[in-house]
Structures are given as C-alpha cells and as structure tokens.
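Contents: one structure, followed by commentary.
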Amino acid sequence: MLSRRFDIADISLHVSGNGVTKFPVSWPLFEAAGDAPQKQRDITIVVQERADLNDLQRVGGAWRISRHRPFLHLEKVLAYEGFEREELFLLLHSCFLVDRDGGGHLFLARSGTGKSTMARKMRGLMTGGNDETNILYRHDGALFVSSTPFYTIPKLKQAVISNITAPLRQAYLLFKATDGASRVDGPVEPDALWRYLIEGQVSTPYTKKEYFAAYHRMMNDLCNTVPVRPFFHSLNEPAEQVLERLREDRS
C-alpha cells in the first residue's frame, strides 16, 4: 500500500491506498519532506476505487475518497474538517497574493473575472498562492490565508503557485474595471457579502446537514468581522501601479 503526506497550513494529510500516484501534478509542490515536523492535526484519507462525492463517509477514522479525480474529494474533506472543528475555516474561490513584507491579499471572485490574470500580472512583485481555491482560518485569534494545491484540469499546466501561508491583511471582491485606473470602493455590507459568497464562492456542506450550524457561524464570522471591499482592476494598468494602489489601501 502506498502512502504520501501533504501539508497545508497546520494540517497534515496522510493519504494511503491504491491509486495515490493519480494526484494532479501540482501536488508535489505541497509534499512534506521526510524529516518535516509533525503538524498539529492529521487527516487520514484512504483512496479506493469508488466513493460518492455527495455522501463522503469516514470509516474507522479515515475518509474514503475515490481515486478518480481525487482532488475534488480532498477539497470537500478539508471543508468538512473545518465545519467539525467549529472554527473559522473556509475554502474560498479566490486568488491569494502575498506582499514582500508578508501581508496576505485575498481576492474573492467568480470565474472569468480575472483571478488568474491578477496572479500572472503580479508575479515577481508579489508571491502567488493559489488563484482558484484558498483556505481562510483563525489561529490565536488572527486570520490567516493558506494556499491549496486544488486546480481544475485546464489550469494544471499553467499553474504557478507557492505553498504559502500569511496573515490576512486585505480582502477584496475582484472585478474588471471598464474604464479608468484601478480603484477600491467602500466595504460590502455583510448581507450582500453573504449572498455573494454562498453563490458558489465558499464550499458548503451540501448533504451533511449536521455541519450547517458550524458553517453558518463561520460565514457570520467572516461577513461581520472582515472588511471586504470591491477592487476594480484595470487590465491595462502596470503591475507596479496596481501594487501601489493595494498598499495605499491598507487600513
């Protein structure tokens, strides 16, 4: 039986079973060295021939996922683990960039609104995490963002991501500017942010009704404590000017 280990933030995933080598090519970036220190939490995952994505089961303490496109199951496993711990731990459809001073910038955006464009544009000036799925979580009362290795198949060959974790400095809803320079508007109202996030921006419990209470608490925490502002990105604006605009926006 094969066994591999991956570290994401403070979570260690021990994956064992047949078909483990079928993971996307981006996963080796996240594989821990053999002498890496033990992380705080372990998630045991067993890869098998078939598993129902909409009815994930944990048997004997181990999640059972399918060896066919396992990254789809792994993303949901992480979300469910967060719901069970009843703390702020959300998988967000987003682009994650880290400034040279270590501050994290999280761009929430729907598909086609420029997450990958932003990541490619800022390469060299900022460190790029994932431009598709990232983790938001609390540690010692502070908010942190951690990149993940989850990608859709069309993006795998173009993915340029780093295994990074950073404290959250700023959070935005990303849009394309139709004219003028890039700009940042005022914070989004909590109710409007909730509606935006729940429409496909945050992994939800789906059929696991026992997780909904924790999920709602986590969403409330995010919507009521984190200022999230619309960022209208001018595609023609040089990366240096975009970076300056982000730095000006620090509170």
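The values are calculated or read from the model by the stated rules, or taken from the named source; none is laboratory data. Given the structure is predicted, the values throughout are model-derived calculations rather than measurements. Neighbour counts are summed over all protein chains in view; Cβ atoms, including those assigned to glycine, are modelled from backbone coordinates with ideal geometry. Surface areas here come from the heavy atoms of the whole protein model, side chains and all, with no ligands, DNA or RNA. Shrake-Rupley method; radii C 1.70, N 1.55, O 1.52, S 1.80 Å.
Worth a mention:
- Within the range 88-145, the set of residues being among the polar types (S, T, N, Q) and under 21 Å from V77 (Cα atoms) comprises S94, N130, T133, N134.
- Odd one out for D179 among (1) touching a residue at least 12 places away in the same chain (Cβ under 8 Å); (2) within 22 Å of E244 (Cα to Cα); (3) open to solvent by 60 Å² or more (accessible area, probe 1.4 Å): (1)
- Checked across the range 26-46, the condition of being at pLDDT 70 or above and open to solvent by less than 20 Å² (accessible area, probe 1.4 Å) holds for at least one residue.
- Search result, residues across the range 203-251 that are aliphatic (A, V, I, L, M) and in a strand (DSSP E or B): V228
- Residue in the range 116-131 that is under 20 Å from V188 (Cα atoms) and either surrounded by fewer than 22 Cβ atoms within 10 Å (Cβ to Cβ) or touching a strand residue (DSSP E or B) at 6+ places or on another chain (Cβ under 7 Å) (or both) present: no
- Qualifying residue in the range 230-247 (condition: closer than 21 Å to I135 by Cα and at pLDDT 90 or above): yes
- Some residue of the range 56-71 being closer than 12 Å to V145 by Cα, open to solvent by less than 50 Å² (accessible area, probe 1.4 Å) and not acidic (D, E): no
- Close pairs from the range 198-212: first among the hydrophobic types (A, V, I, L, M, F, W, C), partner open to solvent by 30 Å² or more (accessible area, probe 1.4 Å), Cβ under 8 Å, at least 6 apart: V202/H93
- Every residue from the range 92-112 that is surrounded by fewer than 17 Cβ atoms within 10 Å (Cβ to Cβ), closer than 22 Å to G200 by Cβ and in contact (Cβ under 8 Å) with a residue 60 or more places away in the chain: R110
- Of all residue pairs spaced 6 or more apart or on separate chains, those with beta-carbon atoms under 6 Å, a first member in the range 1-22 that is over 30 Å from R138 (Cα atoms) and at pLDDT 65 or above and a second member that is aliphatic (A, V, I, L, M) and surrounded by 15 or more Cβ atoms within 10 Å (Cβ to Cβ) are L2/V20; G17/V46; G17/V47.
- The residue of the range 138-175 that is modelled with the lowest pLDDT, among those that are open to solvent by 40 Å² or more (accessible area, probe 1.4 Å) and of a type in the set (V, I, T), is I153.
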